[in-house]
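What follows is one structure encoded as structure tokens, with my remarks underneath.
The values are calculated or read from the model by the stated rules, or taken from the named source; none is laboratory data. Quick caveat, the model's predicted, so the values are computed rather than measured. Cβ atoms come from the backbone with ideal geometry, glycine included; neighbour counts cover every protein chain shown. When the accessible area is computed, the model is the full protein with side chains, heavy atoms only, and any ligands, DNA or RNA have been set aside. Shrake-Rupley method; radii C 1.70, N 1.55, O 1.52, S 1.80 Å.
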Amino acid sequence: MNVAIVTGSHRKQSNSRNVANYIARQLQQKDHFVDTLELAEINLPLWDEDMETNEQKWSVLKTCHERLSKAEALIIVTPEWNGMAPPMLKNFLLLCEAEYVGHKPALLVSVSSGMGGAYPIHELRSSGYKNNHICYLPDHIIVRYANDTLSSPLPADDHEQLLRARIDYQLNLLLQYGAALSQVRASGAIDFEQFRYGM
């Protein structure tokens, strides 16, 4: 299966990137194709009304859409900054068009250097899906104490061993959702022309 991982940190050497790399390796070991979109490197412009008219400015978004269109499932990795998802990730979700990500399953993964990480999950579940029609899985992953987690071949303790087991479990579920929702997208029931915007 083709899985796109979106890393939402602005920082190029981030814990979010390390977590995304770990998840990518888990999928690749099972022969799935992984395409990682690092927002710190893509440098998308902020949403603006000239999206339809300024083709040169928005060429990077067109490339993102092309990559996302090939994915059958998504993983969104967000750091927690002051209890929030970073603005670059919110901007990315605002720019995502339903034709490319709509009715595709997405696993939310939050990353915290301390014992937090819950607030970005809540924030993205509240507002990160409405008009792009991404379907978040019911469960999610929170990687706490990320400076010392998922950074070595073997788990450091029982807590990390349980986290790794939960990640594997959620990835297996994501792949099943990916297969199931592909049937929804192929059904002909989706009408973005008339019902493009959520209520």
So ALA4, is it touching a residue at least 40 places away in the same chain (Cβ under 8 Å), open to solvent by less than 30 Å² (accessible area, probe 1.4 Å) and in contact with a Gly (Cβ under 9 Å, 6 or more places away or on another chain): no
Any chance ASP139 is open to solvent by 10 Å² or more (accessible area, probe 1.4 Å), charged (D, E, K, R) and within 19 Å of ILE23 (Cβ to Cβ): yes
Which listed residue is farther than 18 Å from TYR22 by Cβ and at pLDDT below 95, from LYS130, LYS90: LYS130
Long-range neighbours under 9 Å by Cβ, at least six apart or interchain, first residue closer than 17 Å to MET115 by Cα within region 148-166, second acidic (Asp, Glu) and surrounded by 15 or more Cβ atoms within 10 Å (Cβ to Cβ): ASP148/GLU160; THR149/GLU160; LEU150/GLU160
Options ALA85, ALA20, ALA71: the member that is within 13 Å of the chain's Cα centre (by Cα), open to solvent by less than 20 Å² (accessible area, probe 1.4 Å) and farther than 21 Å from SER113 by Cβ: ALA71
Region 164-194 - residue that is within 16 Å of HIS103 (Cβ to Cβ) and acidic (Asp, Glu) and, of those, least open to solvent (accessible area, probe 1.4 Å): ASP191
LYS90 of a type outside the set (A, V, I, L, M, F, W, C) and under 13 Å from the mean Cα position of the chain (by Cα): yes
Verdict on ILE42 being in contact with a Cys (Cβ under 7 Å, 6 or more places away or on another chain), β-branched (Val, Ile, Thr) and either at pLDDT 95 or above or farther than 29 Å from ASP191 by Cα (or both): yes
Residues of region 142-158 satisfying the condition of being surrounded by 15 or more Cβ atoms within 10 Å (Cβ to Cβ) and either touching a strand residue (DSSP E or B) at 6+ places or on another chain (Cβ under 6 Å) or of a type outside the set (D, E, K, R) (or both): ILE142, VAL143, TYR145, ALA146, THR149, LEU150, PRO155
Residue match in region 12-30 (condition: in a loop (DSSP other than H, G, I, E, B), free of Cβ contacts under 8 Å to residues at least 40 places away in the same chain and on the phi > 0 side of the Ramachandran plot): no
GLN161 open to solvent by less than 60 Å² (accessible area, probe 1.4 Å), more than 20 Å from ARG11 (Cα to Cα) and either over 13 Å from the mean Cα position of the chain (by Cα) or modelled with pLDDT under 95 (or both): no
Boolean, PRO120 is of a type outside the set (Asp, Glu), closer than 25 Å to ARG67 by Cβ and surrounded by 12 or more Cβ atoms within 10 Å (Cβ to Cβ): yes
